[in-house]
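To start, the structure itself, in structure tokens.
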Amino acid sequence: ETGDANAMIVDSTALPEQVARDAVASAFQSAGQRCSALRLLCVQDDVAATMIDIVAGAMAELNVGDPAILATDIGPIIDEEARAGIAAYIDEARAAGRLIAEARRLDLPAGGTFVAPAMIRLDHVTDLRREIFGPVLHVATWKGGELDALIDAINASGYGLTLGIHTRIDAVAAHVAA
């Protein structure tokens, strides 16, 4: 394991419904407790407002609760110490005005270690300085024409097991992969 600032790069040609499906699945399945979970959604600023609203809307509809119930999408965090740390991080983001959205559909059994998925705004990809091993998705925007700078910033983090790209331009996907 090399850590996990796993990113998804989304350009202006991406299809919002596909981005929402993939971002929500990657960031929040297993309550974000996979080393390969999406941590950083990088959206081109030309489409950021709409794209972030669609992802936030999909995320907000996730059901958090007992995984024995079929309608549950997000189960518990591994233990109370982890839950408390993630909740404190989300509270800090809320106090700083960086919380974009949280899941609203909670059916929490008493005594569980649950955290509602949250989406947090970053000013730049380099603002993500530590791993939050839970259902937290960070969002940063980037300017068209600055894809190489974005790639360099992601690579400079020193972390990453996975990277996703949403584009409808084959040359952009090939460039990011290279």
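The set of residues in the range 23-51 being in a helix (DSSP H, G or I), open to solvent by less than 10 Å² (accessible area, probe 1.4 Å) and closer than 16 Å to P117 by Cβ consists of A23, A27, F28, A31, G32. Quick check on the range 34-70: of everything there that is among the acidic types (D, E) and farther than 19 Å from E102 by Cα, which residue is farthest from the chain's Cα centre (by Cα)? The extreme case among them is D46. Where strands (runs of 3 or more DSSP E) sit wholly within the range 75-178, those with at least 2 residues that are buried (at least 17 other Cβ atoms within 10 Å of the Cβ) occupy 99-102, 118-121, 136-142, 163-166. Within the range 89-105, residues that are at pLDDT 95 or above have Cβ atoms under 6 Å from residues that are among the basic types (K, R) and part of a strand (DSSP E or B) in these pairs: R98/R121; I100/R121, counting only partners at least 6 apart in sequence or on another chain. Reported count of residues in the range 62-96, each being touching a Leu at 6+ places or on another chain (Cβ under 6 Å) and of a type in the set (K, R), is 0. Taken together, the residues in the range 1-10 that are open to solvent by 10 Å² or more (accessible area, probe 1.4 Å) and touching a strand residue (DSSP E or B) at 6+ places or on another chain (Cβ under 8 Å) amount to 2.
The values are calculated or read from the model by the stated rules, or taken from the named source; none is laboratory data. In this text the structure is predicted, and so the values were computed from the model without any measurement. Quick reminder, even Gly has a Cβ in these numbers, built from the backbone with ideal geometry, and neighbours come from all protein chains shown. Side chains are part of the model used for accessible areas, which takes the heavy atoms of the whole protein and leaves out ligands, DNA and RNA. Shrake-Rupley method; radii C 1.70, N 1.55, O 1.52, S 1.80 Å.
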